[in-house]
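Just so it is clear, none of the values below were taken in a lab; they were calculated from the coordinates. Computed from a predicted model, the values in this text were never measured in an experiment. Virtual Cβ from ideal backbone geometry, glycine too; neighbours counted across all protein chains shown.
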Amino acid sequence: MTFSLKITGALWGALFCAGAALAQAPGGPPPNVGVARVELRPITQTSNFIGRIQSIGRVDIVARVTAFLDKVEFRDGADVKKGDVLYRLERAPFEADLAAKTAVQQQYEAQLENANVQLERARKLLQTQSGAQATVDTALAAQRSLEAQILGAKANVQQSQINLDYTVISAPIDGKIGATAVTPGNVVTPSTTSLVKLVSQDPMYVLFPVAVRTMIKLRERYLPLGGFDAVVVRLGLPDGSTYKYPAKLDFVDNTTQASTDTVLVRAVVPNPPVQKIGTTAVRELIDTQFVNVSLEGVKPMEFLAVPRAAILADQRGDYVYVLDADNKAQRRDVKLGQSTPTVAAVEDGLKVGELVIVEGLQRVRPGVVVQASPATPPPPTPEPAP
């Protein structure tokens with residue numbers, strides 16, 4: 001058993017020496033590596049969040065008077081226009097109330113005509129010996145009292161007309177209507193829960209929370225470039241596809257969410273119909289659905305860039321191998337910025353013009369002399385959809 005352990009240790013030593021020889025055999029040729037030059041490149045920085053779609057107009061349709069529901073004038077799920085009739089309530093009791101209030105008003109108006117005549121007669125008699133000031137004062141008081149009663153009667157008529165008008169419930173906005181919660185024959189009241197929900201469709205809001213720390217970075221990045229105008233918002237749909245239309249930032253909340261230390265940010269996005277089924281338009285965005293939100297700069301920003309394949313990582317962090325003047329590989333720790341699958345942006349650790357090793361990294365050790373040649377260029381990165 002002891003002899004076996006010694007041989008195993010010897011084998012490990014041999015393997016270690018062989019690995020070192022692979023890096024650079026004494027007197028042998030230096031390992032071949034592919035290198036790329038550090039250069040300034042335009043890179044579109046993106047920040048990703050989880051957002052939720054919200055309709056700009058959201059209305060709970062409720063009854064304004066107590067009455068029986070006579071008729072539902074819409075089809076569940078249909079598109080409606082502002083002013084379209086949605087419900088009709090029983091009108092007869094309100095029509096009768098309006099007629100009664102109108103009759104009272106007309107009665108007071110007739111009495112006022114007679115009071116005007118009495119006042120005029122009393123004023124004429126006052127110019128003769130048979131007239132009295134007391135009679136004029138009484139007639140004047142009666143006239144003014146009836147004028148006040150007429151004002152009250154007109155207000156009652158107006159209120160009755162308003163209640164009668166409330167028996168027809170119309171759409172206050174354009175939008176897509178939900179399923180009715182009440183059917184004909186039921187009594188509806190102002191305290192009844194919502195009869196139906198109506199939400200606008202185009203455009204829509206996109207709401208997403210941004211951590212305060214991230215918000216500070218975004219502000220520092222885009223505020224000097226124009227703020228909201230320097231950012232475009234792209235949406236990722238639940239099926240993994242990218243929404244055709246970009247969104248536009250229009251609001252940042254003035255408070256943070258205490259439980260999450262985030263700030264609510266809002267954008268506006270078009271939501272035109274993609275298909276029509278009868279009179280109903282089919283749209284891609286639906287109120288309250290989740291979407292992936294990507295914030296991108298309108299214009300790319302220049303960063304020091306290297307091929308992504310040059311980046312290595314260990315417990316100390318990210319690093320690359322650079323060539324010095326003697327063609328020796330030297331480790332250089334770097335701080336990465338926004339990266340793509342093929343290109344890494346370097347915020348600190350490199351300078352323009354330096355050569356980094358991209359290919360043959362498995363044969364490189366710090367201080368090893370290498371034989372460098374240009375690395376194979378990566379495939380072109382497709383441009384994002386406009």
Query - Cα-centre dipole for the chain with unit charges at Cβ (Lys and Arg positive, Asp and Glu negative), debye to 20 - result: 660 debye
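Just the Kirkwood number for the stretch 92-165, please: inverse of mean 1/r across all distinct Cα pairs, in Å, one decimal.
Answer for the stretch 92-165: a Kirkwood hydrodynamic radius of 13.7 Å.
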Query raised in the report: Could you state the number of Å between the C-alpha centres of the stretch 107-122 and the stretch 46-74?
Result: 53 Å
Query - Spatial separation of Cα centroids for the stretch 296-318 and the stretch 217-232, in angstrom - result: 21 Å
Report summary line: In whole percent, the Cα-Cα distances of the stretch 162-240 spread across 10 Å bins from 0 upward as 12, 27, 20, 17, 16, 8, 0
Query raised in the report: Using modelled backbone amide H atoms (1.01 Å from N, in-plane), which distant-in-sequence or interchain residues come within less than 5 Å of residue 358's amide H?
Result: 34, 35, 36
Query raised in the report: Counting only residues 5 or more places away or on other chains, whose amide H sits under 5 Å from the amide H of residue 57 once H atoms are built in the peptide plane?
Result: 200
**Report entry** Extension gain, residue 319 back to residue 276 (0.36 nm per residue minus Cα-Cα distance, nm)
**Finding:** 10.0 nm
Query raised in the report: Any idea what the alpha-carbon Rg over 2.2 N^0.38 Å comes to for the chain?
Result: 1.93
Report summary line: Calculated from DSSP helices alone, with each H run of at least 4 adding -39500 (n - 2.57) and the total divided by the residues of the chain, [θ]222 nm to the nearest 500 comes to -9000 deg cm²/dmol
Query raised in the report: Normalised by the number of residues in the chain, what is the relative contact order in percent for Cα pairs under 8 Å and 6+ residues apart?
Result: 27 percent
Requested in this report: Starting from the Cα of residue 189, step 7 Å along the direction of its Cβ; do the same at residue 47; then give the gap between the two resulting points in nm.
Outcome: 5.1 nm
